[in-house]
1. Mean separation of Cα pairs under 8 Å and 6+ residues apart, divided by the residue count of chain A: what relative contact order is that in percent?
2. On the protein heavy atoms, probe 1.4 angstrom, tell me the percent of accessible surface of region A:3-145 carried by carbon and sulfur.
3. How big is the dipole moment of region B:120-240 about its Cα centre under a simple scheme where the beta carbon of each Lys and Arg is +1, that of each Asp and Glu is -1, and everything else is neutral? Debye, nearest 20, please.
4. Anything losing 20 Å² or more of accessible area from the isolated chain to the full protein assembly: pick those residues out of region B:306-354, probe 1.4 Å, ligands and DNA/RNA ignored.
5. When a/c reaches 1.5 or more, the comparison of a/b and b/c decides; with that in mind, is region A:3-145 rounded, prolate or oblate per its Cα gyration tensor?
6. Using 1/(1 + (r/R0)^6) with R0 = 25 angstrom and r between the beta carbons of B:Asp75 and B:His199, what's the FRET efficiency to the nearest 0.05?
7. So if each residue of separation counts as 0.36 nm, and I subtract the Cα-Cα distance between B:Arg172 and B:Thr285, what length gain in nm does that give?
8. What's the center-to-center distance, using Cα atoms, between region B:201-230 and region B:365-412 in Å?
Amino acid sequence: MDLKDLYRDVILDHNRRPRNFGRLEPPARAAPGYNPLCGDQLVVYATLDGDRIGELRFEGSGCAISVASASLMTEAVKGKSRAEAEHLFGLVHALLTDADAATPPELGKLAALGGVREFPARVKCASLCWHTLNAALAGDPTPVSTE
Amino acid sequence: MSAVSAGALPLDVARLRGDFPVLGQRINGQPLAYLDNGASSQRPRAVIDAERRYAEEMHANVHRGVHTLSQRATDAFEAARERVRRFLNARSSREIVFTRGTTEAINLVAQSFVRPRVGPGDEILITWLEHHANIVPWQMACEATGAVLTVAPIDRRGELDLDAFRSLLSPRTRLVAAAHVSNALGTVLPVAEIVTAAHAQGVPVLLDGAQAVPHFKVDVEALDCDFYAFSGHKLYGPDGIGVLYGRESLLAAMPPWQGGGDMILSVSFAGTTYNRLPFKFEAGTPHISGAIGLAAAIDYVDGVGLDRIAAWERELLQYATERLERIDGLKIIGTARHKASLVSFVVDGVHPHDLGTILDQAGIAIRTGHHCAMPVMEFFGVPATARASFALYNTRAEVDRLAAAVAAARAMFR
Ligand SMILES: Cc1ncc(COP(=O)(O)O)c(C=O)c1O
């Protein structure tokens, strides 16, 4: 295990300068996510253009892994269809949890999260934003919790 | 610098560390620096041996057999109760109820003492510094009875506002429940003043001593409190065992809270007679080996000497405070004038959770998060803090490693 593998430059950069940080007003969809273990809190906002994700933003506070993961997610799924977003989440989930998972090129910058699986206590930090995105897209107002 | 109090010989920390098998290991290639004692402290060999000896030589159920092993187990269990009585300086071992821990002890009081005697409009007064274990049971009791939870405020140092506390004591207050030491900030609360003010109005007081008993001598008779709760696992003892001290006159008047074996004298379908104190509150087979291990932990702590432990921990606290304060961007949360040996802090640009991972890679175990004290976090406007909490076996060298690792994390995130 190497800290540099967890906190890769891409992660540190997205933590320092999160992309698509901020809120969207209704009628954009919104869902809150919460990690009670460490206090990470975020809200994901999304507009849907038919089946396609239009605008996507997030705000909140959390550790570097959760902030960078949310920032990377917003860049990756903007303009994607819901099915494509689902598919990406599947790849990210495998990347976070499955030691034998390949790193397909379609992950793009999300591959920077590859170090997280060596730190099992941190997997939830990286996946919280994805669960929250799902809830936002589904129009589910109940807060997402990692516990 | 020598902060050792007059008359107390300094601890031979290097030798004492040898008593704790867990401390000898390496974590992520580094010697373990265990600075999470506020969550749970490590067990000395004497405790591990006592539990093992019980399992190997005397395990049987207590209070119910005529055979030799049952007698041995009962004797050892009741000797443990007596040991706890002496530790707390309670008047009688009838005032010592074994529980699973602090949480269960507080719930027992909420169920058996508070619920039957409060109604709509009555008040339970706590402080802003409480662990969730000393908040939620009262909220539940309030919900069930229509009573109201009132909360005494704290100031920016993390000290209780005593004047505000006194003014919140009302003719409707039925119980005061307060931490002896705050687990999130380390603040030692002015419990003597709390008890005096409450008793002046005839209000009984429960003290949550989970973070107090490992660090200094507690005397329930001198404190004059009505209930006192603590956990074995924060006192170098086993997990799953804790203690509720209760004033005998109050315990005697309280109904039992769980029914079952051991808590009865006789059972018939026409009615059941409850057992005497403290068994009335110990339904079912208790955690026998836990109680025996706890007594061994108390023997260990008293053998080392709580005064000497307190003196050494004061020195560690002072040193850690100085070292950490020097780190650019680090802010200590909780600067009470009277603190137990823990430092809660936040670092600019580094989330506590990241700090926890980075320190763990350096073999340093600290707690990060809200410390089950979310109102305290909210008061200071932080979602979480990092907390280093010290025990008798910690060293200045470990504090140095902590400070170096925090500084390195800060540099990495710049
Ligand atoms: C002040 C305080 N009260 C209560 C508790 C709960 O103790 P336990 O989990 O052992 O019941 C703790 C432990 O974290 C504590 O620090």
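The values are calculated or read from the model by the stated rules, or taken from the named source; none is laboratory data. Keep in mind that this is a model prediction, so the values were computed, not measured. Here Cβ is always computed from backbone atoms with ideal geometry, including for glycine, and neighbour counts include all displayed protein chains. What goes into the accessible areas is simple: the full protein's heavy atoms, side chains included, and nothing from ligands, DNA or RNA. Shrake-Rupley method; radii C 1.70, N 1.55, O 1.52, S 1.80 Å.
1. Details: 266 pairs, mean separation 47.1, N = 147.
Worked out over chain A, it gives 32 percent.
2. Values: 3320 of 6140 Å².
Roughly 54 percent of what the probe reaches on region A:3-145 is carbon or sulfur.
3. Numbers: 7 positive and 15 negative charges, 28 e Å.
In total the dipole reaches around 140 debye.
4. B:His351, B:His353, B:Asp354
5. prolate
6. On the way: r = 37 Å, r/R0 = 1.49.
E(calc), rounded to 0.05, equals 0.10.
7. Computed gain between B:Arg172 and B:Thr285 is 36.9 nm.
8. 27
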